[in-house]
Amino acid sequence: MKLLLYAGLLYLAGVATLLLLQPKLVFREDGSWKEFGVGRDPNHFTWLPLWLFAILWAMLSYMIILFFAGANLLPGIQTVTEEQVDLNSLSARKRAKALKGLDEAQPGYYMLNVGESGAKGVPKYVYLGPSAPNLIYNQGAPESIPITRLPIEKEVGPISGE
């Protein structure tokens, strides 16, 4: 939430600066805003109207704040860093708990079990095996789908377009 607060303050500072300076790129001589237009009279039209500046400055403000937050340069915001834990320094109980998840997980492919996850609130995964499952969205749409004929009581005529 603090990121949005910092980005909002930077955004407001940028818009206030633009309104105070009133550059010719955005404003007319009388102080009114120029309209959007390329290749038209530069006294009344511009490629950067105030609404476009506001949109671009909002995105740029947020990215600037993300950059400074990632470098831990903003007060009150710290990024999470990975720490190497020395397992020998942990108690036997904590060490067993930390290693339990590593022993249970096999290398391979997993799929989220939506029914179980929703019922208990904890994500549960189903192990699919060591090789990638043969799913359509993994390989793109197949060129043809084999259709087998099932015994039916009544024969249906040809499908239109054949």
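Descriptive notes on the structure:
- Ranked by how many other Cβ atoms sit within 10 Å of their own Cβ, fewest first, the residues Asp30, Asp41 fall in the order Asp30, Asp41.
- J(HN,Hα) series, the stretch 39-49, from Karplus relation 6.51 cos²θ - 1.76 cosθ + 1.60, nearest Hz, glycine and proline x: x, 10, 4, x, 6, 10, 10, 8, 7, 10, x
- Between amide H atoms placed 1.01 Å from N, distances below 5 Å from Leu128 occur with Tyr109, Tyr110, Met111, all of them 5 or more places distant or on a separate chain.
- Cα-based convex hull, the stretch 21-84, per residue volume (Å³, whole number): 115 Å³
- Spherically averaged projected area of the stretch 1-43 from its Cα convex hull (nm²): 3.9 nm²
- Efficiency of FRET between Trp33 and Gln78 - r from beta-carbon atoms, R0 35 angstrom, step 0.05: 0.30
- Inter-label distance, nm, simple model (7 Å from Cα along the C-beta direction), Ala71/Leu25: 2.3 nm
- Efficiency of FRET between Glu116 and Leu4 - r from beta-carbon atoms, R0 45 angstrom, step 0.05: 0.80
- The length gained on full extension between Leu48 and Leu87, counted as 0.36 nm times the residue separation minus their Cα-Cα distance, comes to 8.3 nm.
FYI, it's all coordinate maths here, none of it is from the lab. The structure presented is a predicted model; accordingly, all values stated were derived computationally and were not measured. Cβ sites come from the backbone with ideal geometry, for glycine too, and all protein chains shown count toward neighbours.
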